[in-house]
Amino acid sequence: MAEATDSGTIWRPPTAPPQRIISPSRAHIACGRAETAAGRLGAFGVEVSRLIDALKARGLTSRWSSGALQGTAVCVAGTAMASFPFVDASGPRLLLIGMTFGCTAVAIPPHYMTTAEVVPTAQRGAVFGIVAATGTLPGLIAPSLTGHLIDAATTQAAGYRTAFLVTAVVMVVAGAFAVAAIRPEHDARRLASAPGPRTKHTEG
């Protein structure tokens, strides 16, 4: 939303109160701080593999060292997203935004690592492609759904708040499901014991 002021036309997010106007310079600084916070948390994703190896060295299975790690990170990200629409102070809000995107980035490396543990080598390329394709589907659905929620709400601020909360609920539910359902060792044993196409063909 654009507003005319003495210094020219500036942008104000629809969720901000009318009396709070962000100048271009302050908006640039705020965005830079949010990117820095998200980047620092996301950089931790580079060290995720080392953390997982250390946890496994202590005797933890992949379910807890990898599955629980990524599920918990998504839950934390969802909780942060549910919180920041209700926080007015710029500092805490930027921290929550950084946690939302940073913790989501932390969950990505173990996601592929657990997939590699379960899927046979010959099928990994195809499965990674499917995972990447399905992972981008929300990018096609979210804009339309968000627009619908904003149009259906009484105010734009209420619509954005609803969109954030819906996203947060999906993230928390998905993260909790990941903690409960990701069991790489169990799935790998089940796939290894399942008869392959050649075995079925031979038996027939």
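The values are calculated or read from the model by the stated rules, or taken from the named source; none is laboratory data. Source: prediction; values computed, not measured. Glycine also receives a Cβ, built like all others from the backbone with ideal geometry; neighbour counts cover every protein chain displayed.
Of note:
- The sole residue among 63, 26, 33, 50 that is surrounded by fewer than 12 Cβ atoms within 10 Å (Cβ to Cβ) and either at positive phi or at pLDDT below 85 (or both) is 50.
- Checklist (1) touching a residue at least 24 places away in the same chain (Cβ under 8 Å); (2) over 15 Å from residue 77 (Cβ atoms); (3) hydrophobic (A, V, I, L, M, F, W, C) applied to residue 178, failing item: (2)
- Scope the stretch 65-99; condition assigned to a loop (DSSP other than H, G, I, E, B) and either among the aromatic types (Phe, Trp, Tyr) or closer than 14 Å to residue 161 by Cα (or both); matching residues: 87, 88
- Which listed residue is out of contact with any Cys (no Cβ under 8 Å at 6 or more places or on another chain), over 18 Å from residue 66 (Cβ atoms) and aromatic (Phe, Trp, Tyr), from 112, 160: 160
- Among residues of the stretch 80-130 being in contact with a helix residue (DSSP H, G or I) (Cβ under 7 Å, 6 or more places away or on another chain) and polar (S, T, N, Q), the one that is modelled with the highest pLDDT is 83.
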